[in-house]
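Since every read-out is calculated from the coordinates, none of them should be taken as a lab result. If you're wondering where the values come from, they're calculated on a predicted model, not measured in any experiment. Here the Cβ is made from the backbone with ideal geometry for all residues, glycine too, and neighbour counts use every protein chain on show.
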Amino acid sequence: MNTDPAGATCTLSRDAKTVAVANPTPGSIPVEKAHGDMPIDCKRAGYQDAAGKLAAEFQPMTFGNILFGGIIGIALDVVSGAMGRYPDAVTITMIPLEFTTAEERDAFFDRMRATLLREVVEIRDRIAKMCQRSDCDRELAAAQAGTAVKLAEIEQTRTLAKVAAGRALAGPGDTEQSPP
């Protein structure tokens, strides 16, 4: 298990019971295959708590690679045969509690957006290679809809992200605002 940045404490649960803890990240956690997803909760000083799930199966709508729930990114290696089991590698991207400047904030979320768009291409390729003919259109449509949702979540989180007082901007290209 990895976090970006490293040094977080992440807890994996099953049926509301702790299965494993990585403290600090990065760390290796052996997880037995079981039915159902496993919630992940990560904490690190100076960053928003991140929560998501370790998906037990490939789900095109959640992208396997990027999953948001407090905005986290989950990288998995489906190419190595991770379909039908938990991913081999997980990386959770943690959002700072506050950015020094609006430019720093925007660069952070621009990188997150670019990563999502790169991974969407990989997901579409995997769907095209692995889907059943009757399901391809449905799975590609679900991926497209999921992409739109994830992009909107990134922009909403960007808008809500705190910037040091006196330096806040509402979005890319906007002018400085007075602190509240």
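Distance between the modelled labels on Ile29 and Ala16, one decimal in nanometres: 1.9 nm (7 Å Cα→Cβ projection).
In this structure, the amide hydrogen of Lys53, modeled 1.01 Å from its nitrogen in the peptide plane, lies closer than 5 angstrom to those of Ile40, counting only residues at least 5 positions away or on a different chain. Distances between placed amide hydrogens fall under 5 Å for Asp4 paired with Ile92, Thr93, Met94, all partners being 5 or more residues away or on another chain.
Straight Cα distances below 25 angstrom link Lys150 to the lysines Lys43, Lys53, Lys129, Lys162, with same-chain residues fewer than 8 positions distant left out.
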